[in-house]
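In what follows, a single structure is set out as structure tokens and then discussed.
Taken together, the values in this text are just the output of simple stated rules run on the coordinates, not laboratory data. No experiment lies behind these values; they were computed from the predicted model shown. Note that we place each Cβ from the backbone using ideal geometry, even for glycine, and neighbour counts take in every protein chain shown.
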Amino acid sequence: MGRLCKLTPDITQQIGDNISLGLPYTLATEFAGITYQTFNDWMNKGKNPNSEEYSQFF
């Protein structure tokens with residue numbers, strides 16, 4: 001069994017709220033409890049329209 005994905009509606013909301021407040025992506029993700037690298041990975045996966053979960057995040 002693989003690890004659970006940290007991409008949850010709560011994390012998505014936190015990142016969005018932090019960015020809306022004007023925080024740079026590095027701080028927005030850190031305050032949401034993920035690394036900037038993880039955020040970048042999710043954004044890159046979201047560019048693929050076949051990856052629905054990440055596509056919605058993107």
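Test of understanding: what is the full-extension gain from Thr26 to Ser55, defined as 0.36 nm times their sequence separation minus their Cα-Cα distance?
Contour length minus the Cα-Cα distance gives 8.4 nm.
Dipole size in debye (nearest 20) for the chain around its Cα centre, Lys and Arg Cβ +1, Asp and Glu Cβ -1?
The dipole of the chain has a size of about 160 debye.
Positive end of the charge dipole of the chain (Lys, Arg +1 and Asp, Glu -1 on Cβ, about the Cα centre): tell me which of Thr8, Asn44, Thr26 has its Cα farthest that way.
Toward the positive end, the furthest listed residue is Asn44.
Please work out the ratio of the alpha-carbon Rg of the chain to 2.2 N^0.38 Å and round it to two decimals.
In units of the globular-protein estimate, the chain measures up at 1.09.
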